[in-house]
Amino acid sequence: MMERGSINYTLLIGTLSILGVMVFSPHLVYAQEDTSRPVILPDSPFYGIKLAIENLQEAFTFQDERKAELILKHSEERDREAEVLESQGKMIPIERLKEIQGQKLRQAEVIIQRLERAQNIIDQTQQNADERRELAQATNEQERISIQMQQRARELAEGRVLIEPKLGMGLIEPNTIRVSDVPIVVVPVTDIEDDDDQRTILTKLRQRLENSFSTSEVTEIRARFAELRGETDPERQVILADRLDDQVNNPIISITCFGFVDTLLLARADDPVQNLQEQCPILRPFNTEMVRDVINGGN
């Protein structure tokens with residue numbers, strides 16, 4: 001009994017020690033971030049542990065700005081996982097990724113909104129103090145009225161209203177269909193620096209959140225196209241292609257390619273990249289392998 005208890009105690013301490021290192025030293029767990037190529041994928045038996053570690057890291061990050069940033073980085077990890085699965089020719093479990101990612105985006109959004117409201121109160125308080133001081137310095141009633149008019153004009157021009165984020169985009173609401181005339185825009189994001197002021201931090205967080213919506217939709221398109229390519233029933237292929245066409249074709253694509261990109265033709269082609277060049281004239285001057293490398297993110 002003593003020996004068995006000793007072994008269990010040792011295993012318990014060892015397990016907790018390993019988890020502690022993972023939680024408080026995330027760079028050891030996410031060493032693959034240097035190459036942006038996840039090692040543990042959704043089809044791995046250790047994927048549940050990876051998600052648990054992410055949740056622990058978030059729970060032990062107490063500064064709201066850093067917590068929101070970390071949550072959004074974990075959300076972005078789902079996109080990288082989908083990309084690696086696609087490159088390996090595996091099915092992307094889009095519904096599971098949508099559920100995990102949607103939850104994290106909601107969590108981050110709540111934190112960002114709370115931070116923005118708090119900062120708006122601080123800004124407004126400072127603005128009111130400056131305006132009162134400015135009025136107090138007026139030498140006569142006419143000057144006072146002129147200052148008040150200028151202040152109201154500035155208030156209208158600056159639009160001192162918090163712009164709430166748009167919900168129902170990307171993967172945050174799986175049942176929402178994105179309007180096809182809204183282009184998908186994926187922009188670079190930057191990490192929070194220690195010397196950033198609060199407004200810069202909020203701008204970086206807002207950009208990362210909005211970018212997450214866009215990359216989430218790209219992930220979904222990847223999954224839908226993989227599903228379309230794997231479908232053998234011609235009638236089912238047509239149904240899947242019609243749904244995908246609405247997501248892929250937007251004004252940017254239509255103008256760039258001088259028309260409509262047919263995803264059914266892409267799916268049925270032996271080489272989708274070469275077929276895309278045929279459908280999109282602007283890509284024809286480029287070498288097929290170069291286009292393939294760009295589409296695959298340079299991997």
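Can you give the FRET efficiency for Arg268 and Ala136, using 1/(1 + (r/R0)^6), R0 = 45 Å, r = Cβ-Cβ distance, to the nearest 0.05? E between Arg268 and Ala136, to the nearest 0.05, is 0.05.
Classify segment 35-151: rounded, prolate or oblate, from the alpha-carbon gyration tensor (a ≥ b ≥ c, eigenvalue square roots; a/c under 1.5 rounded; otherwise prolate if a/b is larger than b/c)? Prolate shape, in that a/c is at least 1.5 and a/b is the bigger ratio. Annotation for Phe62 and Gln207: the two label points, set 7 Å from Cα along the Cα-Cβ direction, are 3.0 nm apart. Packing, taken as the mean count of other beta carbons within 10 Å per residue, orders the peptides 57-65, 140-148 from highest to lowest as 57-65, 140-148.
Each peptide in 45-55, 189-199 gets a packing score, the mean of other Cβ atoms within 10 Å over its residues, and the list from highest to lowest is 45-55, 189-199. Cβ-Cβ distance of Cys257 and Glu235, R₀ of 30 Å, FRET efficiency by 1/(1 + (r/R0)^6): the value works out to about 0.65. Can you work out the PRE-style zone for Arg154? Point 7 Å along Cα to Cβ, and I want the residues of segment 109-127 with backbone N under 13 Å. Those under the cut-off are 124-127. If R0 equals 35 Å, the separation of the Cβ atoms of Ile145 and Gln119 corresponds to a calculated FRET efficiency of about 0.65.
Peptides 94-101, 208-215: what's the order by average Cβ count within 10 Å, highest mean first? Don't skip to the answer; put the middle values down first.
Working: 94-101: 18.4, 208-215: 21.6.
Ranking the peptides 94-101, 208-215 by packing returns 208-215, 94-101.
Read-outs throughout are calculated quantities, based only on the coordinates presented, and are distinct from any laboratory measurement. Everything numeric here is computed off the predicted structure, so don't read it as measured data. Here the Cβ is made from the backbone with ideal geometry for all residues, glycine too, and neighbour counts use every protein chain on show.
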